[in-house]
Amino acid sequence: MKNIWYFFKGTVVLTSKGSKAYYCWVLFLLCLMAIGAMAYFRQLDEGLIVTAMRDQVSWGFYISNFTFLVGVAAAAVLLVIPAYVYHWKPIKEIAVLGELLAVSAIVMCLLFVTVDIGHPERFWHLIPKIGLLNFPQSLLAWDVVVLNTYLALNLTIAVYILYNLYYKRQPNKNFTTPLLLFSIPSAISIHTVTAFLYNGLGARPFWNSSILVPRFLASAFCSGPAFMILIFMLVRKYTKFKIEDKAIQKVAELIAYAMFINLLLLGAELFKEYYTASVHLAPVQYLFQGLHGHSALVPWIWTAMLFNITAFVLFLVPDTRRNNVTLVIGCILVFVGVYIEKGMGLVIPGFIPDVLHEIYEYAPTGIELLLSMGIWATGLFVFTMLLRVAIPILNGDFHVADDGVGSYIGDQLFLIQHNSEDEKDSTDNPEFRHDSAE
Amino acid sequence: MSDVHKCDKHVLHKSRRKFLKGLAAGIGLIALPGKDASASVWEDFFQKHFRELSKDELRKTLARFEKQYSKQFGKQVTVKATPPLAGVLYGYGLDLSRCIGCRRCVYGCVGENNQSRDPQIHWIRVMQLDKEKGVDLAHAEHYYNPAQVPEKGHFYMPVQCQQCEKPPCVKVCPVQATWKENDGIVVVDYNWCIGCRYCMAACPYGARHFNWAKPALPAKEMNPVTHYLGNRPRPKGVVEKCTFCIQRTREQPGRYPACEEICPVGARKFGNLLDPESEIRYLIENKRVFIFKEDLNTQPKFYYFYAT
């Protein structure tokens, strides 16, 4: 117990230290979080009327963000599988970063759901025994269970590994391996259940399609890893942590496959709707062409299509995949493309036209945007703090001091700009970083 | 004048309390009640699910709400919790050949069931349809507003909760805040609903409505005869719906739902499906009847028919 307290104290000291860039970044996030909090208090005071949601479109920007972020969280599994099932070393070194991203993404998911509900103070109604969780009937109850399980699982694994490394011990494999293996189906479950949540509603033909789950999974395996690559690029540029090109290349290759499946499934969906041309075509028409003069989502979805297809080509062609510039562009395109497609592009057409075929066009209000920005900032803040601790530990720059009580902090700055020589080396010679991790 | 003033002050006080409550939840803390917070905040917060209340607890809860509403609206408000009648399963019939689209049912319902006047909440939606196209929702007009109804070439289709035998809304609720009673009425416990609106996504009839803002209900227009699961005043942030006027239909002697009573052309029929002699049974057995969105297998107890 004492050791845990020393470790915790050490992390607090560590997170309070950093370069100017680190302080600026954290301060920037805290400002956005404060703005988001103010927006939330306003919403609590006046009710969800401050959003653009209404009875016709009863879920909006918050739930869109939630849906997208579940995908990002699930994608950590794409690092866990090669690392721990195939014992591929380059990814094993960075898998823990994926778990930390999953933790941050789930935190955002839970926040987005919390701000969406009318009575957040009644959260205890969801706790089994104390409240009345409608399990197993309600898919939302399932989602509560699997999201919290996944959060606990990733937090446990990552903290356990880091804690042991801090005390210069090898993490006990008999403890981590079963948890890691269990995290694979859990990752799939959070996305499957979230897809089922929409999928099971006969009232909403746009969602009531059996390929919704595979579509969700395919797009998750694009957006999550794309975000992860961007983080890897930033981490190896601005911190002392070394990440091999091989690892990044492998992830990029996986994105190409996932994007292919994603586009294929989307095509299958579009074929079925357009060729059948039943009344169920209306939401698809609304999304891609506009319906009765209402076309708010049309430019967005075509942007997403363009981004996704471009990114697919960039990741497919080995030359552009290996080029850092096109790789980063591809990652941004994937992230934005899937954000549109699996966010607003998935949630809103479920409600337009509504069940009585009324068309109410939805666009988020300023409050919704500010609040969502606040939640994104919170997620990034959590992720930054986790990385601030994890990266020095993995580098061997943060561990217990010789007296067994205090902490040794070798990395006072955290975020620093590396000199350009270093960068050139890494791109020219992928093998060069092999031994530098020590 | 003084009445209005009193009411305003109360509203302010209430919203402040709500705000504090939200604040506490927002930052994930349960702060100790401040000087201003009254005990009822905590009673509200810790209130059990309706179906888990013991007889004694139910009596106390009803008394608490009666006191609270009476004070809030400045008149004697009753809150009953009359249970379902034995041997009764409610059914509703709507004669499409008679309905003239006057929307008297819509506003009769609002007056009876204490819906918010601003923003307006309507439990009944009347669609204007083309006679040529039949029940084709893609061509439905929801906001028709001519000087006179019915308009030539059109017919009218009111839609409200269909009180499904297999309600998709009930299945999806994560906290069992909504359920089907033994007399077939689907109800909501406004003090248990967390406001996630999953039921609204699941309902194929647009029958569920959310209190996006604090409901505005003028004291003068408030109907003081209420049922816990029906027309008692709702807080903001919860879902509400048609209950076949549970506060009327469960009483003995029972009364017809407000929409049925107010219909000027007798297009609306209501009765007990388990009673072979009832009018609703006669209609189902002898008229051309259909149920809305039959393919979804929700099995509505709301029957549309053509009497002529």
**Request:** Grab the beta carbon distance between A:PHE41 and A:ALA363, set R0 = 22 Å, and tell me the FRET efficiency rounded to 0.05.
**Result:** 0.45
**Request:** Return the aspartates and glutamates within reach of B:LYS60: Cα separation strictly under 17 angstrom, same-chain partners fewer than 8 residues apart disregarded; answer none if there are no such residues.
**Result:** B:GLU43, B:ASP44, B:GLU52, B:ASP189
**Prompt:** Residues with amide H under 5 Å of A:TYR360's amide H, sequence separation 5 or more or different chain, H placed in the peptide plane at 1.01 Å from N; which?
**Reply:** A:ASP354
**Pairwise Lys count, the range A:213-368 - Cα closer than 25 Å, eight or more residues apart or different chains** = 6
**Item:** DSSP beta bridge pairing in chain B, given as percent antiparallel to the nearest 5
**Value:** 75
**chymotrypsin sites (Phe, Trp or Tyr not before Pro) restricted to DSSP loop in the range A:102-176 with at most 15 other C-beta within 10 Å** = A:TYR167
**Asked** In chain A, with Lys and Arg counted as +1 and Asp and Glu as -1 at Cβ, which of these residues, A:LEU147, A:ALA37, A:LEU201, has the Cα nearest the positive end of the dipole, that is, farthest along it?
**Response** A:LEU147
**Request:** Would you kindly compute the Cα radius of gyration of the range A:353-410 and its largest Cα-Cα separation (Dmax), both in Å?
**Result:** 22.8, 71
**Message:** Pairs of alpha-carbon atoms within less than 8 angstrom and 6+ residues apart define the contacts here; what relative contact order does chain B have, in percent?
**Reply:** 24
**Item:** For the protein assembly as shown, size of Cβ-based charge dipole, Lys and Arg +1, Asp and Glu -1, in debye
**Value:** 1940
**Request:** For the range B:265-277, take each phi angle, set θ = phi - 60°, evaluate the Karplus expression 6.51 cos²θ - 1.76 cosθ + 1.60, and give the result in whole Hz per residue in order, putting x for glycine and proline.
**Result:** 10, x, 7, 10, 10, 8, x, 9, 5, 8, 9, x, 8
**Candidate lysines - alpha carbon under 16 Å from B:LYS152, same-chain residues fewer than 8 apart omitted** = B:LYS131, B:LYS133
**Sequence of B:VAL149, A:VAL26 once ranked by neighbouring C-beta atoms within 10 Å, starting from the fewest** = B:VAL149, A:VAL26
**Asked** Kirkwood-based Rg over Rh for the range A:35-111 (C-alpha set), two decimals?
**Response** 1.21
**Prompt:** If amide H atoms are built 1.01 Å from N in the plane of the peptide, which residues on other chains or at least 5 residues away come under 5 Å of the amide H of B:PHE270?
**Reply:** B:GLY93
**Request:** Have a look at the range A:193-332 and give its Rg and Dmax from the Cα atoms, expressed in angstrom.
**Result:** 17.7, 57
**Asked** Once all Cα-Cα distances of the protein assembly as shown are split into 20 Å bins that start at 0, what whole-number percent is in each one?
**Response** 15, 44, 29, 10, 1
**Item:** Sorted by Cβ neighbour density within 10 Å, fewest at the top, the residues B:ARG208, B:ARG255, A:ARG54
**Value:** B:ARG255, A:ARG54, B:ARG208
**Request:** Report, please, the projected area of the range B:161-226 averaged over directions, based on the convex hull of its C-alpha atoms, in nm².
**Result:** 5.5
**Request:** Taking every Cα atom in chain B, find the radius of gyration and the maximum pairwise distance Dmax, and write them in Å.
**Result:** 20.5, 66
**Item:** Karplus-derived 3J(HN,Hα), 6.51/-1.76/1.60, for each residue of the range B:75-85, Hz, glycine and proline x
**Value:** 8, 6, 10, 9, 10, 9, 9, 3, x, x, 7
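Could you grab the relative contact order for the range A:18-415? Cα pairs under 8 Å, six or more apart, rounded to a whole percent.
Answer for the range A:18-415 is 29 percent.
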**Request:** Within 10 Å of each residue's Cβ, count the other Cβ atoms and sort A:SER219, A:SER372, A:SER104, B:SER278 from fewest upward.
**Result:** B:SER278, A:SER372, A:SER104, A:SER219
**Asked** Which residue, B:GLY237, B:GLY254, B:GLY101, tops the fluctuation ranking in a GNM of chain B built on C-alpha contacts under 10 Å?
**Response** B:GLY254
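More than 43 Å apart: what percent of Cα pairs in chain A qualify? Before the final figure, lay out the partial values.
Details: 13219 of 95703 pairs.
Percentage above 43 Å: 14.
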**10 Å binning of all Cα-Cα separations within the range A:273-394, expressed as whole percents from 0 upward** = 12, 27, 30, 21, 8, 2
**Item:** Residues with amide H under 5 Å from that of A:SER407, placed H, sequence gap 5 or more
**Value:** A:ALA401
**D (Stokes-Einstein, µm²/s), Kirkwood Cα radius, the range A:62-102, 1.306 mPa s at 10 °C** = 150
**Request:** Run down the lysines and flag those whose C-alpha is under 19 Å from the C-alpha of B:LYS301, throwing out any fewer than 8 positions away in its chain.
**Result:** B:LYS166, B:LYS171, B:LYS180, B:LYS241, B:LYS269, B:LYS287, B:LYS293
**Asked** Taking chain B as a Gaussian network, where each spring joins two C-alpha atoms under 10 Å apart, which residue of B:ALA267, B:ALA86, B:ALA219 fluctuates the most?
**Response** B:ALA86
**Message:** Quick check on the protein assembly as shown: helices-only [θ] at 222 nm, where DSSP H runs of length 4 and up contribute -39,500 (n - 2.57) each and the sum goes over total residues. Nearest 500, please.
**Reply:** -16500 deg cm²/dmol
**Message:** Nothing charged except the Cβ atoms of Lys and Arg (+1) and of Asp and Glu (-1): what's the magnitude of the dipole of the range A:18-415 about its Cα centre? Round to the nearest 20 debye.
**Reply:** 1060
**Request:** Using the Karplus curve 6.51 cos²θ - 1.76 cosθ + 1.60 with θ = phi - 60°, work out ³J(HN,Hα) for each residue of the range A:383-397 in order, rounded to whole Hz, and write x for Gly and Pro.
**Result:** 4, 4, 4, 5, 5, 4, 8, 5, 5, x, 4, 5, 7, x, 9
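No value in this document is a laboratory result; all are computed from the given coordinates. Just so we're clear, the structure is a prediction, and the values are computed from it rather than from any experiment. Ideal geometry is used to build each Cβ from the backbone, glycine not excepted, and the neighbour counts take in all protein chains shown.
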